[in-house]
Amino acid sequence: MAVVVLVVVMVMLGLWQLRRLDEKRDYKALVEARQEEPVAAVGEVVPAGVAVDAPGVDAVLYRTVTATGVYEDDDTVVVENRTYNGAAGGWVLTPLRLDGGTAVVVNRGFVGFDREGAIVPPPAPAGEVTVEGLVFPSQQRGRFGPTDPVEGDLGVLARVDLDRFAAQVDYDVLPAYIQLVASEPPEGAPADGAPALVPLGAPIPEEGPHLSYAVQWFIFSTIAAGGYVLLLRRVARDQATEAAGAAADLARDDVPANRA
């Protein structure tokens with residue numbers, strides 16, 4: 001019974017890997033299709049005044065957009081517990097005020113820890129700035145993970161939660177953010193000894209190793225099932241041999257009695 005349960009578990013793990021592969025392929029196809037659409041101003045693409053999970057927002061995710069405005073550098077926050085090429089640090093989020101007063105949050109990039117072990121966001125470019133990047137969705141806490149306080153002005157967030165960010169500023173915020181690819185003027189050089197701000201750029205979706213993992217689980221389940229069958233056959237053969245030997249011994253024991 002234990003072997004049967006083990007085989008079932010391994011098959012289920014293989015199927016789960018195939019489902020993850022399908023998800024990765026769907027995401028890859030979506031990102032590639034959206035990036036082929038023409039570049040547009042963020043105000044023409046991202047609807048204002050709607051919830052972060054509104055259908056209109058989902059329909060424009062991962063499109064390339066531009067935005068022109070002035071950074072509200074005093075409202076910059078850091079999303080902690082992020083990595084980039086193996087380095088630990090955080091994302092720097094700064095709202096860009098557009099014409100009309102609405103702001104779009106810009107993920108300006110990744111910055112690592114400084115010598116004191118702190119994440120210090122570099123100042124945003126001053127004056128009018130034009131950015132280009134991809135539309136990304138607001139992030140929400142799943143079943144696990146840290147929770148941000150519901151009150152107060154936070155300098156550090158656990159994720160790119162646009163609703164939580166909007167709660168601490170006095171202007172409207174678009175329900176999606178821009179992941180920066182290019183900026184004019186560009187980001188300034190870091191101060192001496194300070195980590196550089198690295199734009200995350202456009203995502204490069206990959207399928208990952210899910211197919212090979214699925215094949216491995218199916219191979220393991222086949223080996224376990226085949227080995228179990230061979231073991232049962234061997235046990236049955238051994239039992240048959242023992243039974244035949246016992247019967248032969250019994251027959252030999254009966255011969256003198258019959259002759260007598």
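The values are calculated or read from the model by the stated rules, or taken from the named source; none is laboratory data. Every value quoted in this text rests on a predicted model; they were computed, and no experiment measured them. A quick note on method: Cβ atoms are made from the backbone with ideal geometry, for glycine too, and the neighbour counts reach across all protein chains shown. Side chains included, ligands, DNA and RNA excluded: accessible areas come from the protein's heavy atoms. Shrake-Rupley method; radii C 1.70, N 1.55, O 1.52, S 1.80 Å.
Considering D26, D74, which residue is within 24 Å of the chain's Cα centre (by Cα), exposed (fewer than 12 other Cβ atoms within 10 Å of the Cβ) and in a helix (DSSP H, G or I)?
After applying the criteria, what remains is D26.
One line per residue, one yes/no per condition, for (1) free of Cβ contacts under 8 Å to residues at least 24 places away in the same chain; (2) assigned to a strand (DSSP E or B):
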residue: G101; (1), (2): no, no
residue: I119; (1), (2): no, no
residue: T130; (1), (2): no, yes
residue: F136; (1), (2): no, yes
residue: G145; (1), (2): yes, no
residue: P149; (1), (2): yes, no
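Are any residues in the stretch 164-222 open to solvent by less than 50 Å² (accessible area, probe 1.4 Å), farther than 23 Å from V31 by Cβ and not in a loop (DSSP other than H, G, I, E, B), and if so, which ones? Across the stretch 164-222, the qualifying residues are R164, F165, A166, V173, S221.
Against the numbered list (1) in contact (Cβ under 8 Å) with a residue 40 or more places away in the chain; (2) open to solvent by 20 Å² or more (accessible area, probe 1.4 Å); (3) of a type in the set (S, T, N, Q), N85 comes up short only at (1). Pairing each residue of the stretch 174-194 that is closer than 18 Å to V39 by Cα with any residue that is open to solvent by 50 Å² or more (accessible area, probe 1.4 Å) and of a type in the set (S, T, Y), provided the two are 6+ apart or on different chains, yields C-beta distances under 7 Å for E184/T130.
Yes or no, residue by residue, for (1) closer than 21 Å to A51 by Cβ; (2) open to solvent by 20 Å² or more (accessible area, probe 1.4 Å); (3) at pLDDT below 95; (4) touching a helix residue (DSSP H, G or I) at 6+ places or on another chain (Cβ under 8 Å):
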{"site": "P95", "(1), (2), (3), (4)": "yes, no, no, yes"}
{"site": "V104", "(1), (2), (3), (4)": "yes, no, no, yes"}
{"site": "N107", "(1), (2), (3), (4)": "yes, no, no, no"}
{"site": "P122", "(1), (2), (3), (4)": "no, yes, yes, no"}
{"site": "V131", "(1), (2), (3), (4)": "no, no, no, no"}
{"site": "P137", "(1), (2), (3), (4)": "yes, yes, yes, yes"}
{"site": "D148", "(1), (2), (3), (4)": "yes, yes, yes, yes"}
{"site": "V156", "(1), (2), (3), (4)": "no, yes, yes, no"}
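Determine whether T68 is open to solvent by less than 40 Å² (accessible area, probe 1.4 Å), in a strand (DSSP E or B) and not hydrophobic (A, V, I, L, M, F, W, C). No; evaluated as a whole, the condition is false for this residue. Taking the stretch 18-61 as the range and being touching a Gly at 6+ places or on another chain (Cβ under 9 Å) and modelled with pLDDT under 85 as the test, only K24 passes.
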